[in-house]
Amino acid sequence: MRKIDPRNFQRATRTTTKEINRQIVLNLVREYQPISRADLARRMEVARAIVSPLVNELIEAGLIYEGAPGTSRRGRKPTLLHVRAHDRLAVAIDVRLSETNLMLADFSGQSIALDVLKTPSTPAELVAELAARVRALLEDNAAVGSCQGIGLAVPGMVDHTTGRLLNAPSLAWRDVDLREALAEAAGLPVHIERDAVACAYAQMWLGEGAAEQLDSFAYVTISDGVGAGLVINGHVVRGHRDAAGEFGHIPLVLEGPACMCGSRGCWEAYTCNPAIVARYLGREIATRESYARVAETGITVTDVIDRARAGEAAAQAALEASGRYIGLGLAAIVNALNPGRIIVGGEIAGAWDLIGRDVVAAMAERTLTQGSAATPVIPEPSDEQTRLRGAAALVVAPIYAAPAIG
């Protein structure tokens, strides 16, 4: 799905569908609200008589509404239009290895209620638990508005057509039907996406993201796992078999540490949260079971960052090495796709003042031109709800996306 740029668009003509113009009007209202019909016509460079029927259709569909009248120097005061977001809701779900978070949000991405549970060991248990939690969230907040669907962000590759979770290495799940199972159990439509792609959607569709006005960027999430959401020319890049963006599983060293995917030496095995903690502890990630033993220590990446700020040499050295490995992987993304910028999210982004130089230096070593070496790398401001907003965006984005033509 492609985003309409309200600052640079081409309206439909007699040879194309008016659905395009209707979506342009919807996105203009979303961007410039409150806005009058006359101002919409001026921005589209058309007569008001063309805009008014489109506005009426959007009002009838419940997508926008008329608010208080605006001001006018003379004549009748204009009626101002707003996007209907406050009472249209989405349930956002972020599934991780350790825990699963839920958020009830409105269509602007504002959080209304939160919930969290320990991620069950089987897909069936997860679906049953999520359905119960979703029902409770909606019952407790029934007066707020109506839920339009569920957005589900998962740590693995998703078949975009069938909605099946093809492979989630950290969970050890393969070919799992989460979308249809949860839709049936919760009684709501479910939109499922890989977590890094969901984060890219959050940048594009909700809030003042670092890539909101860009049509070419990569969102790299570094947490329990590592992956990238890739946007080129306004489109999410999925690849022929929906596996694009799995840069976390590009090998840095063929015989390196064990990765949760079963291979060795993957970028993820050097940069994910357990790898950073293991580096701090001086432990080797020799097998998949090594990750569980690191988790049993109770030490987190945030703890390592705090200790580095307090002057602990081992923590500082662990972060410095981790920053270098992050930069090497980012160079691969730049060399392969040359995005306009890279946004890095996850707990390690909170240490950017400590590792940023190491990241940029390592990336410069492995990129091929001065221009690509200068690709902006931007840490996502520390926000635990980024992935949840991305999950919410999975429900919101199709409402505002450009219609498919042809």
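The values are calculated or read from the model by the stated rules, or taken from the named source; none is laboratory data. Quantities reported herein were computed from a predicted structural model and do not represent experimental measurements. We place every Cβ from the backbone using ideal geometry, glycine too, and count neighbours over all the protein chains shown.
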_Flag for PRO398 being modelled with pLDDT under 95 and in a helix (DSSP H, G or I)_ = yes
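Given the residues ILE305, ILE299, which is the only one that is modelled with pLDDT of 95 or more and not in a helix (DSSP H, G or I)? Write out each step before concluding.
Numbers: ILE305 fails: not in a helix (DSSP H, G or I).
Answer to the check: ILE299.
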*Between residues in segment 73-93 that are farther than 24 Å from ALA391 by Cα and residues that are crowded, with 18+ Cβ neighbours inside 10 Å and at pLDDT below 95, which pairs lie under 6 Å by C-beta distance while being six or more apart or on different chains?*
PRO78/SER36; LEU80/SER36; LEU81/VAL29; LEU81/ILE35; LEU81/ILE64
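Take ASN141 and decide whether it is modelled with pLDDT of 90 or more, polar (S, T, N, Q) and closer than 19 Å to GLY187 by Cβ. Give the derivation first.
Details: modelled with pLDDT of 90 or more: yes; polar (S, T, N, Q): yes; closer than 19 Å to GLY187 by Cβ: yes.
Yes.
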*Output the residue which, of all residues in segment 275-292 that are modelled with pLDDT of 95 or more and assigned to a helix (DSSP H, G or I), is farthest from GLU246 (Cα to Cα).*
LEU281
*Can you find a residue in segment 242-257 that is surrounded by 16 or more Cβ atoms within 10 Å (Cβ to Cβ), at pLDDT 90 or above and more than 24 Å from ILE378 (Cβ to Cβ)?*
yes
*Can you pull out the residues in segment 130-168 that are under 12 Å from LEU182 (Cβ atoms), part of a helix (DSSP H, G or I) and within 23 Å of the chain's Cα centre (by Cα)?*
LEU130, ALA131, ARG133, VAL134
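Has segment 260-280 got at least one residue that is on the phi > 0 side of the Ramachandran plot, free of Cβ contacts under 8 Å to residues at least 24 places away in the same chain and buried (at least 16 other Cβ atoms within 10 Å of the Cβ)? Walk me through it before giving the result.
Going residue by residue through segment 260-280, those that are on the phi > 0 side of the Ramachandran plot are 262, 265.
Add one more test, that the residue is free of Cβ contacts under 8 Å to residues at least 24 places away in the same chain, and what stays is 265.
Right, trim to buried (at least 16 other Cβ atoms within 10 Å of the Cβ) and you get 265.
Yes, that holds for at least one residue.
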*Failed condition for LEU97, given (1) of a type in the set (A, V, I, L, M, F, W, C); (2) in contact with a Phe, Trp or Tyr (Cβ under 9 Å, 6 or more places away or on another chain); (3) in contact (Cβ under 8 Å) with a residue 60 or more places away in the chain; (4) assigned to a strand (DSSP E or B)*: (4)
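May I ask you to verify whether SER372 is among the hydroxyl-bearing types (Ser, Thr, Tyr), in a helix (DSSP H, G or I) and in contact (Cβ under 8 Å) with a residue 40 or more places away in the chain? Spell out the reasoning first.
Working: among the hydroxyl-bearing types (Ser, Thr, Tyr): yes; in a helix (DSSP H, G or I): yes; in contact (Cβ under 8 Å) with a residue 40 or more places away in the chain: no.
No.
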_Just to verify a result, which residue in segment 326-367, among those that are of a type in the set (D, E, K, R) and over 18 Å from VAL226 (Cα atoms), is surrounded by the most Cβ atoms within 10 Å (Cβ to Cβ)?_
ASP358
*Residues being loosely packed, with under 15 Cβ neighbours inside 10 Å and either assigned to a strand (DSSP E or B) or of a type in the set (Asp, Glu) (or both): count how many of those fall in segment 32-49.*
1
*Any residue at all in segment 64-79 that is in contact with a strand residue (DSSP E or B) (Cβ under 7 Å, 6 or more places away or on another chain), modelled with pLDDT under 90, surrounded by 16 or more Cβ atoms within 10 Å (Cβ to Cβ) and assigned to a loop (DSSP other than H, G, I, E, B)?*
yes
*In segment 32-58, which residues are of a type in the set (A, V, I, L, M, F, W, C) and in contact (Cβ under 8 Å) with a residue 12 or more places away in the chain?*
ILE35, ALA38, LEU40, MET44, VAL46, ILE50, VAL51, LEU54, VAL55, LEU58
